[in-house]
1. Applying the selection to the stretch 147-177, what residues are in contact (Cβ under 8 Å) with a residue 60 or more places away in the chain and part of a strand (DSSP E or B)?
2. Are any residues in the stretch 133-161 of a type in the set (Val, Ile, Thr) and within 15 Å of the ligand (Cβ to nearest atom), and if so, which ones?
3. List the helices (runs of 4 or more DSSP H) that sit entirely inside the stretch 18-132 and contain at least 3 residues that are within 12 Å of the ligand (Cβ to nearest atom), in contact (Cβ under 8 Å) with a residue 12 or more places away in the chain and within 22 Å of residue 156 (Cβ to Cβ).
4. What are the residues in the stretch 178-204 that are touching an Asp or Glu at 6+ places or on another chain (Cβ under 8 Å), within 15 Å of residue 240 (Cβ to Cβ) and in a helix (DSSP H, G or I), if any?
5. Among the residues of the stretch 178-193, is there at least one that is away from the ligand (no atom under 14 Å from the Cβ) and in contact (Cβ under 8 Å) with a residue 40 or more places away in the chain?
Amino acid sequence: MIVTSTIEETRRFTSAARAAARTIGFIPTMGFLHKGHLSLIETARHAGADFIVVSIFVNPRQFGPAEDFERYPRDEAHDKTLLEAHDVDLLFLPPVSVMYPPGSTTAVSAGTVSEPLEGERRPGHFDGVATVVLKLFHIVRPDLAAFGRKDAQQCAVIDRMVRDLDVPVRLVFGETIREVDGLAMSSRNRYLSAEERALAPALYRSLCAGAEAIQRGAEDAASIATLMHTVATERPGVVVDYLALVDPETFVSPGDFNRDLLLAGAVTIGRTRLIDNIRIGRRPIPHTRGS
Ligand code: AMP
């Protein structure tokens with residue numbers, strides 16, 4: 001596995017791969033890798049990539065001043081071992097000074113899809129994400145890039161950016177990889193104490209309860225939200241930030257229950273903030289009965 005830390009050497013290797021007619025698949029990450037990240041390597045390969053580039057960069061611009069940038073978990077040596085074992089071709093590991101040299105002030109303004117839910121709670125977060133992802137796209141120039149649906153609003157923001165700014169990359173999205181009890185894998189799960197870890201599946205359980213209610217025919221967004229809230233907070237220690245039913249493209253309230261829907265939630269357990277979501281497909285139109 002090639003490991004680079006500068007833009008010039010990264011471009012040199014990806015240009016050579018392109019010249020050799022390889023299809024470059026790119027997976028941007030913040031490291032502390034788990035099976036969710038690794039599944040995206042397979043997603044990229046499945047989509048046709050045969051030269052896999054992974055970046056690890058804890059992007060300061062997507063963290064708010066009171067957030068966990070400093071304590072975000074890092075384990076470069078272990079990450080390298082995992083990526084080697086998954087036959088990754090190139091690992092780009094830039095320091096902050098390479099991505100944001102002094103004087104760098106230009107940023108991407110993420111579209112309106114970045115405003116609700118996560119965007120409302122984390123001002124500037126999606127602008128930071130869009131900025132770093134666009135920079136990484138310009139550095140790596142991948143044919144395709146893989147993102148996880150676990151961060152559903154991030155997928156929508158990147159998708160919108162790629163279309164709005166004519167970025168020549170194909171996006172592919174991977175399903176959320178979960179622990180056996182349903183908790184979505186996340187580098188931040190490392191923050192949870194044993195007691196907090198035991199509470200954590202409540203978020204996924206609450207989303208499942210909402211999804212089941214919709215599949216049984218519920219159409220009242222407020223009562224679905226109440227049900228999800230009740231399930232999430234069955235045991236004390238889970239603080240709901242939001243549990244919402246939204247349109248998966250716009251992230252605002254769905255106008256129509258017969259289209260795809262997204263149940264998205266964020267909770268805080270102790271000092272750890274967890275997010276998750278479930279997408280539900282269009283409901284079959286019920287057969288009309290003859291009178
Ligand atoms: P992160 O390192 O948290 O920035 O995540 C890097 C990429 O991995 C993003 O596209 C995430 O959506 C994706 N990802 C993180 N956790 C999971 C998971 N549990 N299942 C699938 N993809 C994930």
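Please treat every number below as a calculation from the coordinates, not as lab data. Just so we're clear, the structure is a prediction, and the values are computed from it rather than from any experiment. Cβ atoms come from the backbone with ideal geometry, glycine included; neighbour counts cover every protein chain shown.
1. Selection gives 147, 148, 170, 172, 173, 174.
2. From the stretch 133-161, those of a type in the set (Val, Ile, Thr) are 133, 139-140, 157-158; that's our starting set.
Once the filter is applied, which keeps residues that are of a type in the set (Val, Ile, Thr) and within 15 Å of the ligand (Cβ to nearest atom), the stretch 133-161 yields 133, 140, 157, 158.
3. Here the list reads 35-46.
4. 202, 203, 204 - these are the residues of the stretch 178-204 that are touching an Asp or Glu at 6+ places or on another chain (Cβ under 8 Å), within 15 Å of residue 240 (Cβ to Cβ) and in a helix (DSSP H, G or I).
5. Taking the stretch 178-193 as the starting set, the residues that turn out to be away from the ligand (no atom under 14 Å from the Cβ) are 192-193.
Restricting the remaining residues to those that are in contact (Cβ under 8 Å) with a residue 40 or more places away in the chain gives 192-193.
Yes: one or more hits.
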